[in-house]
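The values are calculated or read from the model by the stated rules, or taken from the named source; none is laboratory data. In this text, all values refer to a predicted model and were calculated from it rather than measured experimentally. Note: ideal-geometry Cβ built from the backbone for every residue, glycine included; neighbour counts use all protein chains shown. For the accessible areas, the whole protein counts, side chains as well, though only heavy atoms, and no ligand, DNA or RNA atoms are used. Shrake-Rupley method; radii C 1.70, N 1.55, O 1.52, S 1.80 Å.
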Amino acid sequence: MPLVAANWKMNPTNIDDALDLVRGVMSVARGHADRVEVAIFPPFPWLLAVSDLLVETGVKLGAQDAFWENSGAFTGEVSPAMLKGWCQWVIIGHSERRLYVGETDEMVAKKTAAVLSRELGAIMCVGELLDHYDEGRSDEIVTGQVRAGLAECSADDSARLVIAYEPVWAIGSGRNADPEHAYKTMRLIRRIVGEMIGAGAARKVRILYGGSVKAANVQQYVELPLCDGVLVGGASLDAEEFAQIVRVTAEVYGHR
Ligand code: 13P
C-alpha cells in the first residue's frame, strides 16, 4: 500500500492549530484508508493530543526523530521506547537534521536500527545537495547514505523500513525533482537495498519521493513504477492541499 506522510517539521506553534490541521485531513484520510496509508508527523509536544484524535481512524502517527538509546543520561533526547505505544512511525536522518544539528550517517544507522528493533516503522531520509546534483554526483551521494544508513539493518526489518529520497535542493524550494531523476534514483536505492539486505527485502522496502510535493505535481511521482508514496513538508500544513494529495494517490493506486 502506498504511504503518504505529512512531515510538519517545527509547525504549527500552538496545539489548537495542530489539532485543527489533524481534523481537517482526518475524514479524507479515513475515507481512503483501504487504499493509502496516511501518517502524520507532528512536533513531539503535540504527539499525545494528536494520538487521541487519531484513535480508530486508521491514520498513523509518527515522530520526526528518535535517539538510539532507550533510556539514560541523554538530555533532550526522546527514545523509541517512549514513542512505542502511540507512534507507528519515526522519521530518521532528515536532511534538516543532517544540516542543522550535524547528524551523521553513523547516527542515522544507529537510530534506524534502534527504531526498527522496537518494532516501529522507520522512514530513513537520503538525498543529495544542490552542488552534488549540479556536479552529477547524486548517485554517489545517495549510494553512500543508503549503504551507511542500512549498516545495522537486516532483511527482517524490511516490512517496516521506508527510504525517502528527498533531494535537498527540492525541499521547500518549489523546485520539485524531474520524475525521471526521481525514478532513476529510486531504482538505484532499491538495488542497493537488495545488495545490502537481500532481494526479497528490496521488494518489500517502500521508497518515497519528497521535495516540493503538492496536489498539482504528486501524480507524476506516485505513477512511477518504483514509487511507493510521498513525504510531504510544506503542503501538509494546508489540510485541503494535503487531503488532495491523499485523493490523487488513492486514485492512481486504485488503477494499478
Ligand atoms: P517540502 O514538501 O516542504 O519541500 O518538504 C519536503 C520534506 O522535507 C519532507 O520531509
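The separation of segment 54-93 from segment 185-256, counted between C-alpha centres, amounts to 22 Å. Its Kirkwood hydrodynamic radius, worked out from the mean inverse distance over all distinct Cα pairs, puts segment 46-194 at 16.2 Å.
Less than 5 angstrom separates the built amide H of G121 from those of W89, V90, all sequence-distant by 5 or more or on a different chain.
Sort 90-97, 171-178 for me by packing, meaning the mean count of neighbouring Cβ atoms within 10 Å per residue, highest on top.
For the peptides 90-97, 171-178, the packing ranking is 90-97, 171-178.
More than 19 angstrom separation, counting every C-alpha pair in segment 116-187; what % is that? For segment 116-187, the share of Cα pairs beyond 19 Å comes to 38 percent.
Nearest 500 deg cm²/dmol is fine: what mean residue ellipticity at 222 nm does the chain get from its DSSP H runs of n ≥ 4 alone, each adding -39,500 (n - 2.57), divided by its residue count? For the chain, the value works out to -13000 deg cm²/dmol.
Remark on segment 112-256: ratio of C-alpha radius of gyration to 2.2 N^0.38 Å is 1.02.
Per residue, the chain exposes 43 Å² of accessible surface when a 1.4 Å probe is rolled over the protein heavy atoms with every protein chain present. Phi-derived couplings, Karplus 6.51 cos²θ - 1.76 cosθ + 1.60 at θ = phi - 60°, listed residue by residue for segment 211-217: x, 6, 6, 9, 4, 6, 10 Hz, with x used for Gly and Pro.
Backbone amide hydrogens, once placed in the peptide plane, bring A164 within less than 5 Å of M124, C125, V126, L208, excluding anything fewer than 5 places away on its chain.
Solvent-accessible area assigned to carbon and sulfur over the chain amounts to 50 percent, based on a 1.4 Å probe. Across the alpha-carbon atoms of segment 2-90, the computed radius of gyration and Dmax are 13.3, 43 angstrom. From the residues F41, T13, V59, which one has its Cα farthest along the dipole of segment 11-70 in the positive direction, the dipole being from +1 and -1 charges on Cβ of Lys/Arg and Asp/Glu about the Cα centre? In segment 11-70, that residue is V59.
Here the mean projected area of the convex hull built on the C-alpha positions of the chain is 12.5 nm².
Computed from backbone phi, the HN-Hα couplings of segment 4-11 come to 10, 10, 9, 8, 6, 6, 8, 9 Hz, rounded to whole numbers (Karplus: 6.51 cos²θ - 1.76 cosθ + 1.60, θ = phi - 60°; Gly and Pro given as x).
For I40, nonlocal amide neighbours, meaning residues 5 or more places apart or on other chains whose placed amide H falls under 5 Å from its own, are A6, K60, L61, G62.
Calculated from the alpha-carbon coordinates, segment 93-136 shows an Rg and a Dmax of 12.4, 39 Å respectively. Size of segment 40-108 from its Cα atoms: along the principal axes, largest to smallest, the extents are 37, 26, 17 Å. Using Cβ point charges alone (K and R +1, D and E -1), the dipole size of the chain about the Cα centre works out to roughly 620 debye.
Dipole check for segment 1-141: with +1 at the C-beta of Lys and Arg, -1 at the C-beta of Asp and Glu, and the Cα centre as origin, the magnitude is about 520 Debye.
When the charge dipole of segment 125-251 is built from unit charges on Cβ atoms (+1 for Lys and Arg, -1 for Asp and Glu) and taken about the Cα centre, the candidate among A155, I189, G144 whose Cα reaches farthest toward its positive end is A155.
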